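Just below is one structure, and these are the notes that go with it.
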Amino acid sequence: MEKKNNTPAPTQQVAQKRNQWKEVWRRLRQNKMAMVGLAILIILALAAIFADVIAPNGFDNQVIKDRFQTPNSTHWFGTDNLGRGVFDRVIHGARVSLSIGIISVSIAIVFGGLLGALAGFYGGRVDNVIMRSMDILLAIPSILLAISIVSALGGGLFNVMLAVGISSIPGYARIVRASVITLKGQEFIEAARAIGANDSRIIMKHIIPNSLAPIIVQGTLGVAGAILSAAGLSFIGLGLSPPNPEWGAMLSGGRDYIRDHMHMTLFPGLMIMATIFALNLLGDGLRDALDPKLKN
Amino acid sequence: MLRYIARRLLLLIPVILGVTLITFTMLYFTPGDPARLTLGEQAGAEQLEQFREIHGLNDGYVVRFVNYIKNAVFHQDLGLSYRNRQPVFAEVASRFPTTLKLAGLGVLVAISIGIPVGIISATKQYSLFDSVSMIFALIGVSMPNFWQGMLMILFFSVYLKWLPSSGFNTFQQMILPALTIGTSTAAVITRMTRSSMLEVIRQDYIRTARAKGQKESKIITRHALGNAMIPIVTVIGLQFGYLLGGAVLTESIFGIPGVGRLMVDAIKQKDYPVVQGGVLFIAVTFSVVNLFIDILYAYLDPRIRSQYK
């Protein structure tokens, strides 16, 4: 009897674990705004992946005789000063801007998370050294830090990702540290230690999965911030340069023609806005869905 | 309280040293010879040598860093610009008030929109006003401010001819830049005020205040807002730093001669001492503002104040 009761326990646990994410998804699905955000993001992601199919002309197809066309049936968003379709460029730009957002946030999460976890887990001197260095980085407004890094490394896609990523490391370090400190004192960590789990196992198997919620929320909003920062860098001429269709670079290029050809600046800006808007909706929704305390 | 302030001021020193070390190191290891980059390909060996002598580029990393700190602390000297050989400190300091004014006006715009709208949204949760203002707040957060600035110039300066599109001397010239830089912060403050107020309004002491017959307006302004203020003040402090950084973009759109514009020009010309000076000025200001905010907490919240007696 006793044995019979014990055997299904592991499967039950797995089922419960799956249910936890199912539950989050169920709560998220009820949030209409979050679903709107998710839908916009899926469309943008598909546009980025299939950019070559949707906009087969590519982002640098110069047809000088067609320049400065206002939006029409062949060029949905008009053409720019070199006769390139703004629609083509904006779609290819989705690829650039989204990858900047995702990769730089990944850089920030990996390094920030690692530093935060070490600081929170070991405490004491390790904590002090790491967090004081983070304080120093936090004293420089992040766009300014990104600007300094880009000015040292030079522009270009990879350097922009790196600069934006590094400048948001301290935020993630703080979040992870805080949740690690809360988790550290809990009984299940003590239990894991009691059965002989070593530090790395405790961090990988128990601490990281349990501190994911705030990172997911912050990461979603962070992609928005990263896209904005990268666009800002390109706008002042320090990020990606022509003919790259990064949205900020397109705004920078359209700036001189804004008086007579505002469609050149309108559409890239709208794309940035739609992306950030969607990420914010989804991020807010995730926050509510992942934090059941708010839902009572 | 005084001891607390003194200790916090002392803690600023390592932060500022750290910021200096980071920017110094980053720009030190930037590839390229500043003398060659500044003077061009035609410059003779003697000229290059003279340039290196003036800017102290012949010393090693440690010596240069120690000298930089020493000069900064004792002589308010942040080196000379590579381009025009003017003292960096004077150059940055002369433009700094403009940037500070821009960021300050941005915060002012943001507070005067964000706090009232946030309060009304919270007291009338789920009303039409609440929904509309939350959608506007989301749009405000989502718009890149340099794009918004460009569109505002187009409408208010080019089409309607109401306001000038550049400069930063007269009141009219300040309206568009202040709105541009303040919009996203206004949105952030609105959202924070709303959620913080919503949290406080559900507390028992608000019900107590209602039960004893306190006027609703007084409940909101005194009992609720007073207690909801701490997260709002925190956000305002953090946003101030964001605005100092964002000033770089706003200054470049409106042609405002502030530190941000100076730095962007300096980066393009590889004039590193100026870049470094600009970053340092802004980082120090940001740190001081955050310190001020922390002291403000203690002032606002008797619970925190009592800890530092």
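Residues of region B:236-251 being surrounded by fewer than 21 Cβ atoms within 10 Å (Cβ to Cβ) and aliphatic (A, V, I, L, M), which ones?
Passing the criteria: only B:LEU238.
Would you mind finding the one in A:ILE140, A:ILE147, A:ILE130, A:ILE136 that is closer than 24 Å to B:VAL284 by Cβ, more than 8 Å from every other protein chain (Cβ to nearest Cβ) and either in contact with a Phe, Trp or Tyr (Cβ under 6 Å, 6 or more places away or on another chain) or surrounded by 18 or more Cβ atoms within 10 Å (Cβ to Cβ) (or both)? Talk me through it step by step, then tell me what you get.
Details: A:ILE140 fails: more than 8 Å from every other protein chain (Cβ to nearest Cβ); A:ILE147 fails: more than 8 Å from every other protein chain (Cβ to nearest Cβ); A:ILE136 fails: more than 8 Å from every other protein chain (Cβ to nearest Cβ).
Only one candidate qualifies: A:ILE130.
Based on what the data block shows, is B:ILE69 buried (at least 16 other Cβ atoms within 10 Å of the Cβ), part of a helix (DSSP H, G or I) and at pLDDT 85 or above?
Details: buried (at least 16 other Cβ atoms within 10 Å of the Cβ): no; part of a helix (DSSP H, G or I): yes; at pLDDT 85 or above: yes.
Answer is no for this residue.
One line per residue, one yes/no per condition, for (1) modelled with pLDDT under 90; (2) in a loop (DSSP other than H, G, I, E, B):
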{"site": "A:ALA213", "(1), (2)": "yes, no"}
{"site": "A:SER229", "(1), (2)": "no, no"}
{"site": "A:ASP260", "(1), (2)": "yes, yes"}
{"site": "A:ARG287", "(1), (2)": "yes, no"}
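Is it true that B:LEU37 is surrounded by 14 or more Cβ atoms within 10 Å (Cβ to Cβ), within 14 Å of chain A (Cβ to nearest Cβ) and over 26 Å from the mean Cα position of the chain (by Cα)?
Values: surrounded by 14 or more Cβ atoms within 10 Å (Cβ to Cβ): yes; within 14 Å of chain A (Cβ to nearest Cβ): yes; over 26 Å from the mean Cα position of the chain (by Cα): yes.
Judged against the criteria, B:LEU37 is a match.
Examine region B:220-229 for a residue that is buried (at least 24 other Cβ atoms within 10 Å of the Cβ) and under 17 Å from the mean Cα position of the chain (by Cα), and state whether such a residue exists.
no
With the structure loaded, tell me whether B:PRO144 is of a type outside the set (Asp, Glu), within 14 Å of chain A (Cβ to nearest Cβ) and crowded, with 18+ Cβ neighbours inside 10 Å or whether it fails that test.
Working: of a type outside the set (Asp, Glu): yes; within 14 Å of chain A (Cβ to nearest Cβ): yes; crowded, with 18+ Cβ neighbours inside 10 Å: yes.
Spelling it out, B:PRO144 is indeed of a type outside the set (Asp, Glu), within 14 Å of chain A (Cβ to nearest Cβ) and crowded, with 18+ Cβ neighbours inside 10 Å.
Would region B:127-142 turn up any residue that is in contact with a Lys or Arg (Cβ under 7 Å, 6 or more places away or on another chain) and farther than 27 Å from B:GLY258 by Cα?
Within region B:127-142, the first condition is being in contact with a Lys or Arg (Cβ under 7 Å, 6 or more places away or on another chain), and the residues that meet it are B:130, B:137.
Those still in the list that are farther than 27 Å from B:GLY258 by Cα too: B:130, B:137.
Yes; the residues of region B:127-142 include at least one that is in contact with a Lys or Arg (Cβ under 7 Å, 6 or more places away or on another chain) and farther than 27 Å from B:GLY258 by Cα.
Where the second residue is part of a loop (DSSP other than H, G, I, E, B) and not hydroxyl-bearing (Ser, Thr, Tyr) and the first is within 20 Å of B:THR250 (Cβ to Cβ) and at the interface with another protein chain (Cβ under 8 Å from one of its Cβ atoms) and lies in region A:235-262, which pairs have Cβ atoms under 6 Å and are six or more apart or on separate chains?
Going by the 6 Å Cβ cut-off, the qualifying pairs are A:LEU238/A:GLY155.
Restricting the search to region A:1-52, which residues are modelled with pLDDT under 90, of a type in the set (Val, Ile, Thr) and part of a helix (DSSP H, G or I)?
Within region A:1-52, A:THR11, A:VAL14, A:VAL24 meet the criteria.
When you scan region B:97-131, how many residues do you find that are in a helix (DSSP H, G or I) and within 14 Å of chain A (Cβ to nearest Cβ)?
Pass one, region B:97-131, residues in a helix (DSSP H, G or I): B:97-123, B:128-131.
The next check asks that each one be within 14 Å of chain A (Cβ to nearest Cβ); those that pass are B:99-100, B:102-103, B:106-107, B:130-131.
Qualifying residue count for the region: 8.
Report those helices (runs of 4 or more DSSP H) wholly inside region A:93-205 carrying at least 2 residues which are within 16 Å of A:GLN218 (Cβ to Cβ) and in contact (Cβ under 8 Å) with a residue 12 or more places away in the chain.
Numbers: elements: A:124-138, A:142-153, A:157-167, A:169-184, A:187-194.
Per the criteria, A:124-138, A:157-167, A:169-184.
The values are calculated or read from the model by the stated rules, or taken from the named source; none is laboratory data. Small disclaimer: the values here were computed from a predicted structure and weren't measured. Methodologically, a virtual Cβ is constructed for each residue, glycine included, from the backbone with ideal geometry; neighbour enumeration extends over all protein chains shown.
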